[in-house]
1. Using each residue's phi in the stretch 69-76, evaluate 6.51 cos²θ - 1.76 cosθ + 1.60 at θ = phi - 60° and report the 3J(HN,Hα) Karplus result to the nearest Hz, with x for Gly and Pro.
2. Using the alpha-carbon atoms, what tilt in degrees (0 to 90, nearest 10) does helix 24-38 show relative to the longest principal axis of the chain?
3. Using a Förster distance of 22 Å, how high is the FRET efficiency between residue 41 and residue 225, based on the Cβ-Cβ distance and rounded to 0.05?
4. For the stretch 210-226, what does the Karplus curve 6.51 cos²θ - 1.76 cosθ + 1.60, with θ = phi - 60°, yield as ³J(HN,Hα) per residue in whole Hz, taken in order and with x for Gly and Pro?
5. Taking N as the number of residues in the stretch 42-228, what is its Cα Rg relative to 2.2 N^0.38 Å?
6. Report the gain in length on full extension from residue 207 to residue 170: 0.36 nm times residue separation, minus Cα-Cα distance, nm rounded to one decimal.
7. Please report how far the C-alpha centroid of the stretch 67-90 lies from that of the stretch 130-174, rounded to the nearest whole angstrom.
8. Counting pairs of alpha carbon atoms under 8 Å apart in space and at least six apart in sequence, what relative contact order in percent does the stretch 36-107 give?
Amino acid sequence: MNSIRRFLILSAAAVLTACAARPAGTGVGRRILAERAAGNRELAVLFIGNSYSFGVPKAFAKLAARRGKTVKVDQVTHNGWTLARHAASPETLAKIRAGGWDVIVIQEQSRIPSLPALRPVLMFPHVRTLAAEARNRNAVPVIYQTWGYRDGDRKRPGDDFHAMTRRVRDGCAQAAEHAGGLAVVPAGEFWEREVSSGRGGPLFMPDGSHPSPRGESIAAEAFFETLFGK
């Protein structure tokens, strides 16, 4: 009898742990985001990030216009910047605090979300800070999930694009939960679909990391679908 009771207790604990790990809050975040997008004739979107976000805002606005949506975009994007640097930047904070934004996109440095041991220190606190700043100005914060490097992380033997993309996805999902259940724009998953279909080559710049114009257009598709639906 004791062994049966122990089995039931352990089973219940496992279920509770699985439920706690499930990104339940992101469903709420997606609903809030969809409501904001549906409730505005012109959507004002601020992108905070680095070189992975240089061309994506404009690509997203152009795609939205072609599909009958009006999107006004602006950005604070600097080469190599981390969210830690943005969270401490007077420029970034002033742009957020100026207000008038419906959505604020938060994009971490490309490698940090893929590092399980370091992301809780290097990423999560700064996502929370920037998300709180966005909410204080009545904006909906979202996380921009990027993608793995074409050949994976060279500092991890045997790594590849798919493995790194999975780690980036997991890191962004965890960060979203730690910041109160943010929606995640799964650009990396859109890229992974292209790679799996044999169309991945044109997505990358020659460095095997940054998005080409084609890669930016695929990321823009992810933003459009997340905000407005298919």
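1. So the Karplus estimates, Gly and Pro as x, are 10, 9, 10, 9, 10, 8, 7, 10 Hz.
2. So the inclination is approximately 20 degrees.
3. Values: r = 20 Å, r/R0 = 0.89.
The value I calculate is 0.65.
4. 6, x, 6, x, 5, x, 5, 5, 5, 4, 4, 4, 5, 5, 4, 5, 5
5. Numbers: Rg = 15.4 Å, N = 187, 2.2 N^0.38 = 16.1 Å.
With N residues counted in the stretch 42-228, Rg over 2.2 N^0.38 Å equals 0.96.
6. Working: separation 37, 0.36 × 37 = 13.32 nm, distance 2.40 nm.
Stretched out fully, the residue 207 to residue 170 stretch lengthens by 10.9 nm.
7. That distance is 15 Å.
8. Values: 104 pairs, mean separation 34.0, N = 72.
Across the stretch 36-107, relative contact order equals 47 percent.
Here, each number is a calculation from the coordinates, and none is a lab measurement. Worth saying up front: this structure is predicted, and the values here are computed from it rather than measured. Every residue, glycine among them, receives a Cβ derived from its backbone with ideal geometry; neighbour counts consider all protein chains shown.
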